[in-house]
1. Around C226, under 9 Å between beta carbons, what's the net of Lys plus Arg minus Asp minus Glu among the other residues?
2. Return M25, M81 ranked ascending by Cβ neighbour count within 10 Å, so the fewest neighbours appear first.
3. Using a Gaussian network model of the chain with C-alpha springs under 10 Å, which one of D225, D63, D195 is most mobile by mean-square fluctuation?
4. Could you list which residues have their amide H under 5 Å from that of R47, counting only those 5 or more apart in sequence or on another chain, with H placed in the peptide plane?
5. Rank the residues F223, F230 as a footprinting-exposure proxy: fewest other Cβ atoms within 10 Å of their Cβ go first.
6. Mind putting together the pair-distance distribution for segment 125-189? All Cα pairs, 10 Å bins, whole percent per bin, short to long.
7. Once each part is reduced to its C-alpha centroid, what is the distance from segment 65-134 to segment 173-237 in angstrom?
8. Using +1 at the C-beta of Lys and Arg and -1 at the C-beta of Asp and Glu, which of M128, G242, T170 has the Cα lying farthest in the positive direction of the dipole of segment 51-291?
Amino acid sequence: MISRFFDRHQRWLFPAPAVIFILLMMIFPLGFTLWNSFSGWSLTAGRPNTFIGPQNYIDIMRDARFWNAVLNTFYFTALAMVVELTLGVAMALLIDARDYPGKRIVTSLLLLPMMATPVAVAMVWLLMFEPTAGVINFVFGELGLPKQLWIAGSSSVIPSLVLVDVWEWTPLITLIVLAGLAGLPSEPFEAARVDGASYWQMLRRVTLPMLLPTISVAGLLRFIDCIKTFDIIYGMTGGGPGFSSETLNIYTYNQAFYYFNFGYASALLVIFFAIVSGVSLLVAYSRRQLEV
């Protein structure tokens, strides 16, 4: 009887462990967070996990600090994306332009920044950015350039954090684009050479259009990762000075683990999840339109 049952229901029994794992590890936390977002659970205010309806979401819409965190999140993401995609594609084209001794070594060295722990990277750059004793301002002083506040200045903190993110993750874009370049067919380039096209004409009319799907995939991956950046920002500034570098991730963390407003933090997480999902779907849809 048991063997017959297994034979008849194999298509359900084999994927069952994976389905159960997904339910336990993904869907349940999402559902629990969604429920908490409609509760007034707060240890500091002494409120239990009781249902209060959409009040948390109403309060969030009126929260100036929330809107500042949204602005900082998209400012950081947009600036990092533009710089990383531009540098990543340019480095890939430069590396792929010709064969030279040590080309594979150069490609392998690109992996080194990504292999470092983000918190360790944050600590190293924190020391380098130190306004009074940091090595970057020391070099600026030796060159006769004005010293900068870097992460200590409200206007320079996000560009400084972007610089760290660019240093660590631009190689990822480069490696993805290099893989895309390796998979391009040779016939269009041969036809362009026969027609007398220059390198820049082939780059503009052949290489980049054919690479666009690969670049869009790299951009989507970096967008999802960049908008969720937490470790570098928290390790270097904690959202400061003031709230100048407080992104949605940092603000949610502070609400949950500094102020212990778990219901409010859960509502922030739901909104953040909706923003990431919505923009990711929009970028993925745009990518499909480009391929068509």
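1. Result for the local shell: -1.
2. M25, M81
3. D195
4. Correct list: S42.
5. Ranked by crowding around the Cβ, least crowded first: F230, F223.
6. With a bin width of 10 Å, the distribution comes to 19, 33, 20, 15, 12, 2.
7. The distance from the Cα centre of segment 65-134 to that of segment 173-237 comes to 16 Å.
8. Result: T170.
Values in this text are rule-based calculations from the coordinates and carry no lab data. Please read all numbers here as calculations on a predicted model, not as lab measurements. FYI the Cβ positions are ideal-geometry reconstructions off the backbone, even for glycines, and counts take in every protein chain you see.
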